[in-house]
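The values are calculated or read from the model by the stated rules, or taken from the named source; none is laboratory data. Computed from a prediction, not measured in an experiment: that's the story for all the values here. Don't worry about glycine lacking a Cβ; one is built from the backbone with ideal geometry, like all the others, and counts go over all protein chains shown.
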């Protein structure tokens with residue numbers, strides 16, 4: 001089985017794709033996984049992959065041109081059973097879907113490029129460790145005007161980021177916001193509202209941490 005993954009942040013995938021069960025499957029020759037940097041298929045000097053939406057809404061959308069160049073290149077070399085685009089409103093990826101896809105020979109997975117990122121921890125020490133590839137991927141994401149919300153699912157309004165080693169590093173990065181004990185659902189709702197008001201990272205951060213009336217959160 002061959003899986004080609006298209007992403008704007010390949011560093012984020014280095015750690016999970018080279019450890020544990022996936023690494024053992026690769027070592028046994030059960031699957032091949034190739035990660036492609038979408039920026040390598042742009043033509044401008046800034047390697048830009050997104051642009052403003054035309055005619056509606058705030059925020060950015062992926063450009064089709066680099067996606068088309070890369071997928072055209074891949075499909076010219078072999079047949080692919082599925083080309084999958086990941087999105088928050090897509091079909092749920094569950095065990096049944098995983099079982100069905102495991103029977104395929106070749107897959108392309110196009111990763112969506114999102115403005116917001118949620119990192120959850122559960123109790124003391126629950127946040128990710130200081131794996132270099134994780135931190136470098138996070139830095140790259142934030143350098144592109146992304147926003148990362150750290151939340152800790154513990155009592156008493158959540159733990160302060162400074163109690164975690166990775167949290168202390170993250171606090172110095174632009175675009176990082178503390179979500180305290182907010183659930184992922186609450187973060188998504190509030191982040192969508194804030195991102196809908198502005199494209200400026202600093203203004204969006206201030207909007208996110210500011211208490212707002214419930215009626216403004218109704219989507």
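A few points about this structure:
- Between 202, 144, 185, the distinction of being at pLDDT 75 or above and out of contact with any helix residue (DSSP H, G or I) (no Cβ under 9 Å at 6 or more places or on another chain) belongs to 202 only.
- Looking only at the stretch 1-34, and only at residues there that are assigned to a strand (DSSP E or B) and under 19 Å from residue 98 (Cβ atoms), the one that is nearest to the chain's Cα centre (by Cα): 5
- Selection status of residue 192, outside any helix (DSSP H, G or I), touching a strand residue (DSSP E or B) at 6+ places or on another chain (Cβ under 9 Å) and either under 21 Å from residue 141 (Cβ atoms) or modelled with pLDDT of 70 or more (or both): no
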